[in-house]
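S.K.: Before we start, here is the structure in question, set down as structure tokens.
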Amino acid sequence: MTKYENKVASYLKASPKHYVRYQVKPVFKKHELLARGVKMQGQSVGSKKIKFNVYLPNTQSGMKLNYATGRSQVAK
């Protein structure tokens, strides 16, 4: 997420006239407590400088995530 957040932040800091439509939506399966990932969308208003629509999975190297319970533990 940081890659896209930083792009948006840099664009907005460059000028007070810059605007971005931005949405981040968690993606869950059925009744799971931990999101499987997030869908991120961004579009600069009045220019084509910022434009993305991506799905980023909720994974962590070296960790085992239990999406149903929301618990995590170090992978063995």
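S.K.: As I understand it, the dipole of the chain uses +1 on the Cβ of Lys and Arg and -1 on the Cβ of Asp and Glu, about the Cα centre. Which of V24, G42, P57 lies farthest toward its positive end?
M.R.: G42
S.K.: Moving to a separate point now. For the chain, what's the relative contact order in percent, using C-alpha pairs closer than 8 Å and at least 6 residues apart?
M.R.: Value for the chain: 24 percent.
S.K.: Return the calculated 222 nm mean residue ellipticity for the chain, to the nearest 500 deg cm²/dmol, obtained by summing -39500 (n - 2.57) across DSSP H runs with n ≥ 4 and dividing by the residue count.
M.R.: Details: 1 runs with 13 residues, N = 76.
The helix contribution divided over the chain gives -5500 deg cm²/dmol.
S.K.: Would any residue of segment 1-15 have its amide N under 16 Å from a label point 7 Å out along Cα→Cβ of A35? List them or say none.
M.R.: Backbone N within reach: 1-6.
Quick note: the coordinates plus some simple rules give every number you see, no bench work behind them. Because the structure is predicted, anything quoted here is derived from the model rather than measured. In this analysis, Cβ positions are derived from the backbone assuming ideal geometry, glycine residues included, and neighbour counts consider all displayed protein chains.
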